[in-house]
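The values are calculated or read from the model by the stated rules, or taken from the named source; none is laboratory data. Model, not experiment: these values are computed from the prediction. So basically every Cβ, Gly included, is an ideal-geometry build from the backbone, and we count neighbours across all protein chains shown.
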Amino acid sequence: MILLCYDGSDDAEAALQLTTKLFAGQPVTVLAVWEPYTEIMAHENWGLALGYAPPAEDIERVDASVREHADAAAQDAVRRLGEAGINAQKRVEAMESSVAASVQAVADEISADAIVLGTRGRSGLKSLLLGSVSHAVLQHADRPVVVVPSEPVAQERRGGARR
């Protein structure tokens with residue numbers, strides 16, 4: 001079983017493409033981890049200094065929207081893997097303590113043989129503030145991890161190495 005972390009970003013797209021090449025014939029679980037509003041607020045400290053808390057129904061509406069986006073992204077990845085002849089299922093999880101910890105927990109639960117993820121997710125700013133998910137997964141993994149950059153990121157890094 002391969003665990004593919006997917007959020008629809010360019011790097012996640014590259015991870016999906018590499019999964020179809022490297023792991024053809026292997027079953028794949030596509031994992032999309034979404035971050036509840038209260039978790040984002042707790043980690044980012046947005047609005048807390050002002051003492052503002054939005055109404056509960058607004059928080060529920062935001063969470064439902066984020067969860068639906070994660071579900072749609074995972075479903076699209078499952079469909080595309082299926083078109084490539086790969087048996088895939090989706091898994092959508094709310095982040096608990098961190099995205100990386102959520103990835104590790106699912107990998108343990110499904111006894112994943114490997115984890116595949118992109119170098120960057122949807123939010124570059126969040127990576128700067130919270131640390132890289134791919135870095136955290138690599139640091140704590142007890143199984144192989146394949147970290148895949150998107151082509152623009154790979155080109156940028158190749159260009160930087162020549163200087």
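The figures follow:
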{"item": "Within region 80-124, tally of residues that are over 21 Å from SER65 (Cα atoms), among the charged types (D, E, K, R) and over 11 Å from the mean Cα position of the chain (by Cα)", "result": "5"}
{"item": "Options VAL116, VAL148, VAL103: the member that is at pLDDT 90 or above and touching a Ser or Thr at 6+ places or on another chain (Cβ under 6 Å)", "result": "VAL116"}
{"item": "Residue in region 54-83 that is surrounded by the fewest Cβ atoms within 10 Å (Cβ to Cβ), counting only those that are modelled with pLDDT of 95 or more and either acidic (Asp, Glu) or in a loop (DSSP other than H, G, I, E, B) (or both)", "result": "GLU83"}
{"item": "Subset of region 138-161 [touching a residue at least 40 places away in the same chain (Cβ under 8 Å) and closer than 15 Å to SER102 by Cβ]", "result": "HIS140"}
{"item": "First in region 73-98 and farther than 18 Å from GLU13 by Cα and in contact (Cβ under 8 Å) with a residue 40 or more places away in the chain, second anywhere and of a type outside the set (Ser, Thr, Tyr) and part of a helix (DSSP H, G or I), Cβ under 6 Å, 6 or more apart", "result": "MET95/GLU39"}
